[in-house]
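**Student:** Please find one structure pasted underneath; my questions will follow.
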Amino acid sequence: MSLWDVMVSIFWFMLLVAWFWLLMSIITDVFRDEDLSGGAKAAWCIFVILLPWVGVLTYLIVRGRSMSERAGREAARNEQAFRSYVRDVAVSEPSGVSGDLTKLADMRERGLLTQEEYEQAKLRVLGTAGPTPAAAPQHAAVADNLPA
């Protein structure tokens, strides 16, 4: 195989890749367009698949400008949805251990907990505390029921 044959093969392969890229972009655009009817969407899909280069080039000539406008609107919609999601997540209260510790600190600052109660509750949340005062009588009651 000569160098020329390799170059021609690369050229045809790149044309195939370019056509496939354009085909995916066009089909995405066709189904993104809310103004096209179902029959028009089917006709464009059949046209770009059955007559590959003629269909792709025709689509780009006829609908190329509106194609970029639809892509821009879709990008703006995605950006708005992302910003809304980030805003919702940032505003929501923390959960888990960090949320519990935040609530305890807030209660201490408002004067609902003393420093000692805060420290005990913090140890309980972190899982490093021994049995709680409420749990001690339960253990004693269980011990009283055991056979001697």
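**Student:** Return the distance in nm (one decimal) between the two label points of a simple spin-label model at Asp106 and Arg87, each offset 7 Å from Cα along Cα→Cβ.
**Tutor:** 2.1
**Student:** Expected output is a single nm value to one decimal: the length gained when fully extending between Trp53 and Thr28, i.e. 0.36 nm times separation in residues minus the C-alpha distance. What is it?
**Tutor:** Working: separation 25, 0.36 × 25 = 9.00 nm, distance 1.71 nm.
Roughly 7.3 nm would be gained on extension.
Rule-based calculations on the coordinates, nothing more; no lab input. Just so it is clear, the structure is predicted and the values come from calculations on it, not from any experiment. We place every Cβ from the backbone using ideal geometry, glycine too, and count neighbours over all the protein chains shown.
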